[in-house]
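J.: Starting off with a structure, shown below.
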Amino acid sequence: MEEKVTHSARPGYIILLTLMVIAAIVALLTTVVQQSFSYQRQARISIEKARARMLALSSLEIAMSQLSTVVIEEEAQKKEPKKEQKSEKNETKDVLEPVQKWLLKVLPSINHWQTITLEEEGLEGTVQLYLACEDGKFNLAAFKQQSMPEKEAPKEPQEDENPKNEQKKKPEKSKEKGALEALDELFKKVGDVSMYEAFKRFMTDYNRLPEDPTELLRISYFAQLKDRLFTPLKQDQRGLYIMDLFTFRPQATEKVNPWLLTASAKTLLGIQEKKGAADNAELVKKIKPEMNWETDWDEILGPRYGKNFAAFDPAIQKVFASAFEATAFSVVSYCTVGTVTQRLYAVLEVTQPDKELSPKSVIFKVTKLYWL
């Protein structure tokens, strides 16, 4: 009697098919969950990036508040009758007093990193600021004549080329070393390249002044310093950074404000500063309308900087400004929200105060902004 093959005796393809469907569903759900987490992470990063960017722009307001001095002109002062002319001595004291107060406020905020932590809801983040005075940097725009390639002057015809007349010729004067050359000698010892040569090559290739020191990166000779442009959070032993050492301000002079030298400028000049809150208070009292650094340096800045005036190269001595002037500052800002950090570099310049403010007010505005 033949056995009949029933349906139940066939292989269990239904179970196999069911397992395959379940595996496909699990894979699909896993993909959906992963995509969901990925989108959430991207959305969170995008929000943090936007907040960090807004915080970086807001950090400029913090910097300007540290540099600005707001004096409101009261109505009573406006209506007050003019007093008799004061003596020249009193006038000088009144003119210098706002400068002394302003400098006393600014000195603790410059040439070092500040960390400000925000913990309010919706404003969580960290702001790190580095302020430096543009007038305390070396202005390469003022050294244009020292860096332009010199054209050979046509030779004038000689009346008599007899060797006997050589004794009558006046000896040529030796070319006096310029400030840029003197600075370059110091820079090459630690920077490994010649700033003078890089600047000269740029002027030769482009026949114009660069807008800022970063444009020198167009010169392959200078490209090796691309990682030493802006002051980082962790500085190395050399402590020289191009944007903290040099500036380009075509309308400014070559003079440098020795009261507000940047950290890189001090390092280049071999200055080891010793300062404190009490030292600042004593220092600002010694500002005069016109300084004679040959006699005043060793008394005023010598003890603070640990270097006498005679120790500087004569070409560099001429660069120190005798009158106090501070019209622009640079800001390096690192702003972190969550895991995202936005960095920027900005230049702040003095602007005219509003009508409701006293002319004694010192107000700054943003004139340049770079995202790093």
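The values are calculated or read from the model by the stated rules, or taken from the named source; none is laboratory data. Keep in mind that what you see is a predicted model, and the values were worked out from it rather than measured. Neighbour counts run over all protein chains shown; Cβ positions are idealised from the backbone, glycine included.
J.: Of (1) touching a residue at least 60 places away in the same chain (Cβ under 8 Å); (2) over 26 Å from Lys368 (Cβ atoms); (3) of a type in the set (A, V, I, L, M), Leu301 satisfies all except one. Which?
T.: (1) is the only condition that Leu301 fails.
J.: To continue, here is another question. Look at Pro353 and say whether it is more than 14 Å from the chain's Cα centre (by Cα), farther than 21 Å from Glu254 by Cβ and surrounded by fewer than 16 Cβ atoms within 10 Å (Cβ to Cβ). So that I can check it myself, show each step before the final result.
T.: Values: more than 14 Å from the chain's Cα centre (by Cα): yes; farther than 21 Å from Glu254 by Cβ: yes; surrounded by fewer than 16 Cβ atoms within 10 Å (Cβ to Cβ): no.
No, not satisfied.
J.: Sort out which residues of region 236-259 are part of a loop (DSSP other than H, G, I, E, B) and in contact (Cβ under 8 Å) with a residue 12 or more places away in the chain, and write them in order of number. Can you show your working first?
T.: We begin by selecting, within region 236-259, every residue part of a loop (DSSP other than H, G, I, E, B); these are 236-241, 248-255, 257.
The answer is Arg238, Gly239, Leu240, Tyr241, Phe248, Arg249, Pro250, Ala252, Thr253, Glu254, Lys255, Asn257.
J.: Yes or no: Ala281 touching a residue at least 60 places away in the same chain (Cβ under 8 Å), touching a Leu at 6+ places or on another chain (Cβ under 7 Å), surrounded by 19 or more Cβ atoms within 10 Å (Cβ to Cβ) and assigned to a helix (DSSP H, G or I)?
T.: Values: touching a residue at least 60 places away in the same chain (Cβ under 8 Å): yes; touching a Leu at 6+ places or on another chain (Cβ under 7 Å): yes; surrounded by 19 or more Cβ atoms within 10 Å (Cβ to Cβ): no; assigned to a helix (DSSP H, G or I): yes.
So Ala281 does not fit the description; no.
J.: Can we say Ala323 is outside any strand (DSSP E or B), surrounded by fewer than 17 Cβ atoms within 10 Å (Cβ to Cβ) and within 23 Å of the chain's Cα centre (by Cα)? Can you show your working first?
T.: Details: outside any strand (DSSP E or B): yes; surrounded by fewer than 17 Cβ atoms within 10 Å (Cβ to Cβ): yes; within 23 Å of the chain's Cα centre (by Cα): yes.
Yes.
J.: Can you say whether Glu294 is over 18 Å from Ile110 (Cβ atoms) and either out of contact with any helix residue (DSSP H, G or I) (no Cβ under 6 Å at 6 or more places or on another chain) or not charged (D, E, K, R) (or both), as far as the supplied structure shows? Give the steps one after another, and end with the answer.
T.: Working: over 18 Å from Ile110 (Cβ atoms): yes; either out of contact with any helix residue (DSSP H, G or I) (no Cβ under 6 Å at 6 or more places or on another chain) or not charged (D, E, K, R) (or both): yes.
Against the criterion (over 18 Å from Ile110 (Cβ atoms) and either out of contact with any helix residue (DSSP H, G or I) (no Cβ under 6 Å at 6 or more places or on another chain) or not charged (D, E, K, R) (or both)), Glu294 qualifies.
J.: Of all residues in region 102-136, how many are among the charged types (D, E, K, R) and either surrounded by 14 or more Cβ atoms within 10 Å (Cβ to Cβ) or modelled with pLDDT of 90 or more (or both)?
T.: Qualifying residue count for the region: 4.
J.: Let me ask something else. In region 287-307, is there at least one residue being touching a strand residue (DSSP E or B) at 6+ places or on another chain (Cβ under 8 Å), of a type outside the set (Gly, Ala, Ser) and part of a loop (DSSP other than H, G, I, E, B)?
T.: Among the residues of region 287-307, not one is touching a strand residue (DSSP E or B) at 6+ places or on another chain (Cβ under 8 Å), of a type outside the set (Gly, Ala, Ser) and part of a loop (DSSP other than H, G, I, E, B), which makes the answer no.
J.: Just for region 346-364: of the residues that are part of a strand (DSSP E or B) and in contact with a helix residue (DSSP H, G or I) (Cβ under 7 Å, 6 or more places away or on another chain), which one is farthest from Gln100 (Cα to Cα)? Can you show your working first?
T.: The initial filter retains those residues of region 346-364 that are part of a strand (DSSP E or B), namely 346-351, 357, 362-364.
Okay, now just the ones that are also in contact with a helix residue (DSSP H, G or I) (Cβ under 7 Å, 6 or more places away or on another chain), so 346-348, 362, 364.
Details: Ala346: 25, Val347: 23, Leu348: 20, Val362: 13, Phe364: 18 Å.
Top of the filtered list is Ala346.
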